[in-house]
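Reading through the structure tokens given below for one structure.
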Amino acid sequence: MQQPSITGYSVSQRLLHWAVALLIFFNLLFPDGMNVWHRLTRRGQVPTPEQIASANIHAYVGIAILLLAVVRLGLRFINGVPAEAAQEPAIFRLAARLAHAGLYILIFAMPLTGIAAYYFGINPAGSFHADILKILLWALIAAHVAGALVHQFYWKTNVLRRMTLG
């Protein structure tokens, strides 16, 4: 018997999507504590307890993103995902799949490289994390948001609704 096609994401999938998005934006927009810690340790100076606590917030948020991403990926395999919008040209469906794959890769790679740098002192991982991966993440977020808006206002599909109201 064929399973019926789902039209929206489950409540838990939507909550995880937006929780991860908020945590990612928090760390992208407020990396100051980690930046200060990194600058001080690179110069051989000792950060104050307040500076370490501020850097820890960035690290803990990154770890939370990683853990929530594991749960989110598990739910994706268990619950499935809605079908792609048929109105969308094939090239854009391919672009959407690549963008989503890239976002998942970065949602895992960013915390892992951050952990490698902060907790294990692997400085090249920190540079890769703060420079290359961060730029890629911003680019994919912009593409993701633009794609959702194009679906909503140009193709007039329910893609945006599936991740908001279900």
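Filtered by the rule that a residue be in contact with a helix residue (DSSP H, G or I) (Cβ under 8 Å, 6 or more places away or on another chain) and open to solvent by 60 Å² or more (accessible area, probe 1.4 Å), the range 108-123 gives L112, Y119, I122, N123. Scanning the range 1-38 for residues that are open to solvent by less than 90 Å² (accessible area, probe 1.4 Å), closer than 21 Å to S127 by Cβ and not in a loop (DSSP other than H, G, I, E, B) yields I24, N27, L28, G33, M34, N35, V36, W37, H38. Residue check, T157 against (1) assigned to a helix (DSSP H, G or I); (2) surrounded by 14 or more Cβ atoms within 10 Å (Cβ to Cβ), all met but one. Which one? Condition (1) is where T157 drops out. Cβ-Cβ contacts under 8 Å between residues 6 or more apart (or on different chains), taken from a first residue in the range 75-97 that is exposed (fewer than 11 other Cβ atoms within 10 Å of the Cβ) to a second residue that is in a loop (DSSP other than H, G, I, E, B) and among the small types (G, A, S), are listed as A83/S5.
Quick one: is A139 without any contact (Cβ under 8 Å) to a residue 60 or more places away in the chain, of a type in the set (A, V, I, L, M), farther than 30 Å from G33 by Cα and assigned to a helix (DSSP H, G or I)? No, not satisfied.
The values are calculated or read from the model by the stated rules, or taken from the named source; none is laboratory data. Keep in mind that what you see is a predicted model, and the values were worked out from it rather than measured. Cβ atoms come from the backbone with ideal geometry, glycine included; neighbour counts cover every protein chain shown. Note: accessible area is taken over every heavy atom of the protein model, side chains too, but ligands, DNA and RNA are not part of it. Shrake-Rupley method; radii C 1.70, N 1.55, O 1.52, S 1.80 Å.
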